[in-house]
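K.L.:
The following block contains the structure, expressed as structure tokens.
Rule-based calculations on the coordinates, nothing more; no lab input. None of these values were measured; they are calculated from a predicted model. Every residue, glycine among them, receives a Cβ derived from its backbone with ideal geometry; neighbour counts consider all protein chains shown.
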Amino acid sequence: MVKSISQKGILSERDTPVLVLSLIHSEKRNTLSLEKLITLSAEIEKFASDPALSVLVIRAEGPVFSAGHDLYEIKNGTREDHLKLFEQCAKTMEQIRKTPKPVIASVNGLATAAGCQLVATCDIAIASSESQFATPGVNIGLFCTMPGVALSRAIPKKKALDMMLTGEPIDAKEAKSLGLISRVVQKDKLKDETYSLAHKIANLSPAVISMGKQAFYKQIELNIETAYEFAQDEMVKHLEHPDAKEGISAFLTKRPPNWTQ
């Protein structure tokens, strides 16, 4: 595994075809400062354009996955600084959604505010049973409106508002039942389970995964009739791809598929 430490507190570990980005400012509760978000965006952009990489894992060191934005940075910033911070945050989150490769959040500990937003934005989230999730901005007079964009699209709106209006955390079991996270595992198994999941997806057809992710996010924004019209055209288009022909042939002849990439 090839490692490189960013000066902005992100550890990059390349275990081709999987890239692991770790937030390593545990002493600052892995806050998402403007610089950290810019660095994360740059790493996501490099990941997306690297044909050797298929899956991205985002994790963190320490007992807090991420406490959200740096309140010291916010307190001392100007209106222009605040605009830059939230514009960059939106850009980073949208990059995750629009990147045509799967992004997995691997969560241990507390994920609050923009940290919870990051988890809700990732395509899949696997968390230790000790993890908790919250949008507690209301407690300090800063309603978690931006985290609510991702949260309200991941869980039922009444529960999202419950979290945002009270600031109370939910545990991993409830987060899974609501759909905020995909899987819950014991803390000592989190790393192995995350890597196993990432490599399982990475061994599938990159082209099919890419087409599938993009189609999923497009259809989910449509009404059901339009979504079915879109999906049927996508299925026909997907069947024309060489990997679909190869995958079906391999299944019928009981052999491993040989993907195009």
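K.L.:
Suppose a student asked you for the relative contact order of the chain, using Cα pairs under 8 Å spaced at least 6 residues apart; what percent would you report?
P.N.:
Reported relative contact order: 15 percent.
K.L.:
By average Cβ neighbour count within 10 Å, what is the ranking of 113-119, 252-258 from highest down? Let's see the in-between values first.
P.N.:
Numbers: 113-119: 28.0, 252-258: 8.9.
Packing proxy ranking, top to bottom: 113-119, 252-258.
K.L.:
Sticking with this one: Calculate the spin-label point distance for E174 paired with K187, positioning each point 7 Å from the Cα along the beta-carbon direction, and give it in nanometres.
P.N.:
It works out to 2.0 nm between the two label points.
K.L.:
Still on this structure, I have one more. Using the Cα atoms as the points, what is the convex hull volume per residue of segment 206-252 in Å³?
P.N.:
69
K.L.:
From the square roots a ≥ b ≥ c of the eigenvalues of the alpha-carbon gyration tensor of segment 14-94, which class results: rounded (a/c under 1.5), prolate (a/b over b/c), or oblate?
P.N.:
On the way: a/c = 3.51, a/b = 1.55, b/c = 2.27.
Verdict is oblate for segment 14-94.
K.L.:
Okay, next question. Can you tell which of T99, C144, T112 lies farthest toward the positive end of the dipole of segment 2-202, using +1 and -1 charges on the Cβ of basic and acidic side chains (Lys, Arg; Asp, Glu)?
P.N.:
Checking the options against the dipole of segment 2-202, the answer is T99.
K.L.:
Where does each of 212-224, 16-28, 55-67 land if you order them by average Cβ count within 10 Å, highest first?
P.N.:
55-67, 16-28, 212-224
K.L.:
Give me the percent of Cα-Cα pairs in segment 155-261 that sit more than 22 Å apart, rounded to a whole number. Display every interim value, and only then the final one.
P.N.:
Working: 3251 of 5671 pairs.
That tail contains 57 percent of the Cα-Cα pairs.
K.L.:
Tell me, S12, S205 in order of fewest to most beta-carbon neighbours within 10 Å? Could you put the intermediate results ahead of the total?
P.N.:
Details: S12 17, S205 20.
The fewest-first ordering by Cβ neighbours comes to S12, S205.
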